[in-house]
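The values are calculated or read from the model by the stated rules, or taken from the named source; none is laboratory data. These figures come from a predicted structure and were not determined experimentally. FYI the Cβ positions are ideal-geometry reconstructions off the backbone, even for glycines, and counts take in every protein chain you see. Remember, those area values only see protein heavy atoms, side chains included, never the ligands or the DNA or RNA. Shrake-Rupley method; radii C 1.70, N 1.55, O 1.52, S 1.80 Å.
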Protein chains: 2
Amino acid sequence: MLSFTEENYIKAIYHLSDAGQLAVSTNDIALHLQTKAATVTDMIKKLANKDLLAYEKYYGVSLSKKGKNNALSIVRKHRLWETFLVEKLGFQWDEVHEVAEQLEHIQSNLLIEKLDAFLGHPETDPHGHPIPDKNGKVKQIKQFSLSQGKNGHKYIVSEVKDGSATFLQYLAKHDLYPGVTIQIKEILPFDGSMVVQLQNKQKVTLSKATSEKILIKSNE
Amino acid sequence: MLSFTEENYIKAIYHLSDAGQLAVSTNDIALHLQTKAATVTDMIKKLANKDLLAYEKYYGVSLSKKGKNNALSIVRKHRLWETFLVEKLGFQWDEVHEVAEQLEHIQSNLLIEKLDAFLGHPETDPHGHPIPDKNGKVKQIKQFSLSQGKNGHKYIVSEVKDGSATFLQYLAKHDLYPGVTIQIKEILPFDGSMVVQLQNKQKVTLSKATSEKILIKSNE
DNA sequence: ATAAAAGTTTAGATTAATCTAAAAAAAGAA
DNA sequence: TTCTTTTTTTAGATTAATCTAAACTTTTAT
Ligand SMILES: [Mn+2]
Ligand SMILES: [Mn+2]
Ligand SMILES: [Mn+2]
Ligand SMILES: [Mn+2]
């Protein structure tokens, strides 16, 4: 049984390592968790003793199988709770992250499996992030950045890569959510901004910076 | 903002003092929280410094207005979550307490008000315990022990006073829940046990000890 | 009224998580 | 390759929550 703090370290390392691929440095973890490097060193020694990660002095850490499983379980809970908050309680998608940061630490397998069933076994959360299944399997979809879309083509929004409240509110104002179909109407060559049209025929102009943070998938 | 531990102390004192009426002793708190008296002494000093309770050395503590408000908020959250777990997620009523002990510490007013609305502003939890409203008001109903019911009379089960899993499972097996109408068919004088009949005509024999732990209200 | 028992507090330690400052190692630049 | 900068670790403290053992206060019983 991991403590609240240990769980947050494991999850941070999971995200920073790109799902457990790369090694993660002490400073990266400290930055991500808003703490100090010395604190991180202490904690990763503890996590290494628990076989949750491999730690090589001065060269960072990488999650073990056990650590990865723990991380996936926390990510699963986080994303299921976010889905619950939006789908069932009527939260806006920019309001859920902080609360899910707390809810993800509730310990009860029964709870999470019943919540999953109540939500109809969703595959993605409100931001389009995939929800790991009970066995830790993550469904990967073929997606790419909207900034790489072709003029005239239709796509489906699949994920947003910026979770800040202002960005999410901006997208919400223009009805840009995962699942929405869009068509690229125009790409301006001098600044890379583009005009996209929604199902309801409304047009929105998006800056390059914005279109880079929106992921899309093919329209089937 | 109270810590997890501080919240547990405040809630324990609230329950032990019968909703803030009586003073509570150090030992009572230690027993209830499964900790040591010395630990309790330290913590109540801290809570006294935060004006959550009045502490008189050697004579126990009593909650302040502020302490009572905090306690009511935690109790509200606990009971709303228990209701959610039973009504929406399909938990059995003997499975919810441990999970609610964790969920009651989640910090988010928005969450709890949205949860309340989602549940239809329930007045009692699955065990018949009243749910304090947003302002901390607790609705009191006229209720009494089933052991004091009269032969031949009809009543509605309103609350159960024992939260142990075995007791709750026993009642569930006989469909005895808050809200169910029962009629007393027979009271045996030598041991105080009674036979009650449910809506579905099924009869159950309850020992005195059991009927004392079931609260009922009049059949209107 | 005094002594014994019960309950409470204080003193001193421990563990988890955190910090700052100093030392050590690795990486980058000249 | 050697020096400088950056990163990481170690050393030593701090805070919250906990414990045991000893001291103290209140209550109960003779
Ligand atoms: Mn999130
Ligand atoms: Mn998300
Ligand atoms: Mn409960
Ligand atoms: Mn209850």
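For (1) touching a helix residue (DSSP H, G or I) at 6+ places or on another chain (Cβ under 9 Å); (2) among the hydrophobic types (A, V, I, L, M, F, W, C); (3) more than 16 Å from ligand 1 (Cβ to nearest atom); (4) modelled with pLDDT of 95 or more, each residue gets a yes or a no:
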site: A:Ser108; (1), (2), (3), (4): yes, no, yes, yes
site: A:Leu119; (1), (2), (3), (4): yes, yes, no, yes
site: A:Thr124; (1), (2), (3), (4): yes, no, no, yes
site: A:Lys137; (1), (2), (3), (4): yes, no, yes, yes
site: A:Lys150; (1), (2), (3), (4): no, no, yes, yes
site: A:Ile156; (1), (2), (3), (4): no, yes, yes, yes
site: A:Gln169; (1), (2), (3), (4): no, no, no, yes
Scan region A:105-126 residue by residue and report those that are of a type in the set (Ser, Thr, Tyr) and open to solvent by 40 Å² or more (accessible area, probe 1.4 Å).
A:Thr124
Which pairs turn up if I take residues in region A:13-41 that are of a type in the set (Asp, Glu) and look for partners that are buried (at least 18 other Cβ atoms within 10 Å of the Cβ) with beta carbon separation below 7 Å, at least 6 apart in sequence or on another chain?
A:Asp28/A:Leu16
Would you please name the residue that is farthest from the other protein chains (Cβ to nearest Cβ), looking only at residues in region A:57-104 that are buried (at least 18 other Cβ atoms within 10 Å of the Cβ) and charged (D, E, K, R)?
A:Lys68
Only residues that are among the charged types (D, E, K, R), more than 15 Å from the chain's Cα centre (by Cα) and assigned to a helix (DSSP H, G or I): list them for region B:74-123, please.
B:Glu87, B:Glu113, B:Lys114, B:Asp116
May I ask you to verify whether B:Phe144 is within 14 Å of chain A (Cβ to nearest Cβ) and on the phi < 0 side of the Ramachandran plot?
no
Can you tell me which residues in region A:11-35 are open to solvent by less than 70 Å² (accessible area, probe 1.4 Å), under 24 Å from A:Leu103 (Cα atoms) and part of a helix (DSSP H, G or I)?
A:Lys11, A:Ala12, A:Ile13, A:Tyr14, A:Leu16, A:Ile29, A:Ala30
Picking from B:Gln148, B:Gln197, B:Gln169, the residue that is over 30 Å from A:Ala100 (Cα atoms), open to solvent by 20 Å² or more (accessible area, probe 1.4 Å) and in contact with a Lys or Arg (Cβ under 7 Å, 6 or more places away or on another chain) would be B:Gln197
Among the residues of region B:16-29, is there at least one that is under 25 Å from B:Lys139 (Cβ atoms), within 16 Å of ligand 3 (Cβ to nearest atom) and among the acidic types (Asp, Glu)?
no
Select from region B:1-37 the residues that are more than 14 Å from DNA strand D (Cβ to nearest atom) and small (Gly, Ala, Ser) and write down the one among them that is farthest from B:Ser108 (Cα to Cα).
B:Ser17
Given the criteria within 16 Å of DNA strand C (Cβ to nearest atom) and either surrounded by fewer than 16 Cβ atoms within 10 Å (Cβ to Cβ) or not in a helix (DSSP H, G or I) (or both), does A:Ala38 qualify?
yes
Would you mind listing the strands (runs of 3 or more DSSP E) fully within region A:172-220 where at least 3 residues are over 21 Å from the mean Cα position of the chain (by Cα) and of a type outside the set (A, V, I, L, M)?
A:181-187
Given the conditions (1) closer than 23 Å to A:Arg76 by Cα; (2) open to solvent by 20 Å² or more (accessible area, probe 1.4 Å), and given that A:Ile156 satisfies all but one, which numbered condition is not satisfied?
(1)
